[in-house]
There are 2 protein chains.
Amino acid sequence: MSPTVASTGRVPVTIGAMESSSAASGGSTRREATRQKLYEAAVTLIAEQGFSATTVDEIAERAGVAKGTVYYNFASKSVLFEELLRHGVGLLTASLREAAERTAAEGGNKVDALDAMIRAGLVFIDRYPAFTQLYVAELWRTNRTWQSTLMVVRQQAVAVVEDVLRDGVAAGEFSEEIDISLTASALVGMVLVAALDWKSFQAERSLDDVHAALSRLLQGRVSGCR
Amino acid sequence: MSPTVASTGRVPVTIGAMESSSAASGGSTRREATRQKLYEAAVTLIAEQGFSATTVDEIAERAGVAKGTVYYNFASKSVLFEELLRHGVGLLTASLREAAERTAAEGGNKVDALDAMIRAGLVFIDRYPAFTQLYVAELWRTNRTWQSTLMVVRQQAVAVVEDVLRDGVAAGEFSEEIDISLTASALVGMVLVAALDWKSFQAERSLDDVHAALSRLLQGRVSGCR
DNA sequence: GAATTTGAACTGACTGGTCAGTGCAAAAAC
DNA sequence: GTTTTTGCACTGACCAGTCAGTTCAAATTC
């Protein structure tokens, strides 16, 4: 699973191994490896500086690859970015869905499922902080070429949360009066911002600390609970 | 309060009137007016495209001003941006603090104060969506010239929420076990993301709808409340 | 199994264009 | 007459994308 990367002492910001056309055949693993390196280089640079401020030369240099290679592997700078987005959000939604299904299999209720998804979200952000940062920075922008990609990808992620809320209402666990989509957004925001603040400003805290704080908030154990 | 803007049919994205050195003296209002126009132009363009992708020529053009005027009024493109940030967050914190103080004066408890601040946050985002968007996009970035400005400004805003939480714990209204800073971050995130999603993807909803959904979440009336 | 061919992968110098910031003389506003 | 704005030409740096050429491992031929 972990990619075979050259010996940079950098923090692993891997966006996971890509399995696509070359799964069964022992075929072009080389190409996948360079694409992976480019993803890793691009994700941190763009998270730090933004898309426009990051040059293709920088990405190539950090990936340890010539500029031409970038264009051999991706049609353009924004295509590279779009594929990075799609790939990263794919990992996130898979992880969220897995968390929800796991609690269901273990006989947990829907609050447990939400709680497990919060943890899965935190684990994801803990592992891929740069990706998360970049995602948040681009999500609400308009007028950009990858806008449609972003919309699709956002909907995938939010839908997982919405599904759990819907099931919870159907099962009588949540009030019928909750607004599914607004509540889902709010929950996502809660996790996203708390986690980014955690990573940026108090990195010394443990994941369990953050999870505990968010759980408390979710279960209304902060504000009295009438 | 509402600025005297030229006759563009554009949505008012004003960042409020600036009172600084020219408060008492009836002095150079003219200069302030062009600065205001530049803020308005810059905030929407940067929100849409990002800082680096926005050119000074564009800003000048949208403000209906010559390029030279931009540099007559601001030392550089990033100085313009920094002052925009400081100014906008100043408005936000003032509004949050005012909401908290108003409920206190009316004899409300701390949950009421939080609720009022949620509403104040929503009202702010409703009025200045572009500013909010731009703020979120930049907040967690590192390695940029205005990083320190951003940190200061963030701390101001979060501190208002933290103060209310601290008071609530002291008054025995909130559990002693809550983590002040993490909870504050989470609450801010809840409002921020829900509101941005509202403005971006379901602009037809009313502010009251959004407020109601967030209130419910705050008071734990979503997840059973045991 | 040595010699030769093939082609996917990669390279990096180069091009055409863009943009932040400057300089300044003249006009307008106050 | 001072402050502010205008218009516009100019510079130097920077950058996305191109392309002719290189590399090398595997396939093919003899």
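Things worth noting here:
- Residues (away from chain A (no Cβ under 14 Å), open to solvent by less than 80 Å² (accessible area, probe 1.4 Å), assigned to a helix (DSSP H, G or I) and within 11 Å of DNA strand C (Cβ to nearest atom)) located in region B:57-74: B:59, B:60, B:68, B:69, B:70
- Filter result for residue A:137 (surrounded by 15 or more Cβ atoms within 10 Å (Cβ to Cβ), of a type in the set (Gly, Ala, Ser), modelled with pLDDT under 95 and assigned to a helix (DSSP H, G or I)): yes
- Pairing residues of region B:51-64 that are within 19 Å of residue B:83 (Cβ to Cβ) with residues that are among the polar types (S, T, N, Q), at Cβ distances under 7 Å and at least 6 apart in sequence or on separate chains, gives B:52/A:52; B:60/B:69.
- Candidate set: region A:194-219, residues that are buried (at least 24 other Cβ atoms within 10 Å of the Cβ) and under 20 Å from the mean Cα position of the chain (by Cα); chosen: the one farthest from the other protein chains (Cβ to nearest Cβ): A:195
- Some residue of region B:91-104 being more than 26 Å from residue A:142 (Cα to Cα), more than 14 Å from chain A (Cβ to nearest Cβ), free of Cβ contacts under 8 Å to residues at least 12 places away in the same chain and within 16 Å of DNA strand C (Cβ to nearest atom): no
- Condition met for residue A:188 (open to solvent by 20 Å² or more (accessible area, probe 1.4 Å), at pLDDT 95 or above and out of contact with any Pro (no Cβ under 8 Å at 6 or more places or on another chain)): yes
- Cβ pairs under 8 Å, 6+ apart, first in region B:164-191 and under 14 Å from residue A:213 (Cα atoms), second aromatic (Phe, Trp, Tyr): B:165/B:174; B:182/A:198; B:185/A:198
- Residue within region B:37-44 that is within 24 Å of residue A:145 (Cα to Cα), polar (S, T, N, Q) and not in a helix (DSSP H, G or I) present: no
- Within region B:169-180, restricting attention to residues that are at the interface with another protein chain (Cβ under 7 Å from one of its Cβ atoms) and open to solvent by 30 Å² or more (accessible area, probe 1.4 Å), the residue that is nearest to residue B:115 (Cα to Cα) is B:173.
The values are calculated or read from the model by the stated rules, or taken from the named source; none is laboratory data. From a predicted model like this one, the values you see are computed outputs, not experimental measurements. As a convention, Cβ positions derive from the backbone with ideal geometry for all residues, glycine included, and neighbour counts pool all protein chains shown. Keep in mind that these areas ignore ligands, DNA and RNA; they rest on the heavy atoms of the full protein, side chains included. Shrake-Rupley method; radii C 1.70, N 1.55, O 1.52, S 1.80 Å.
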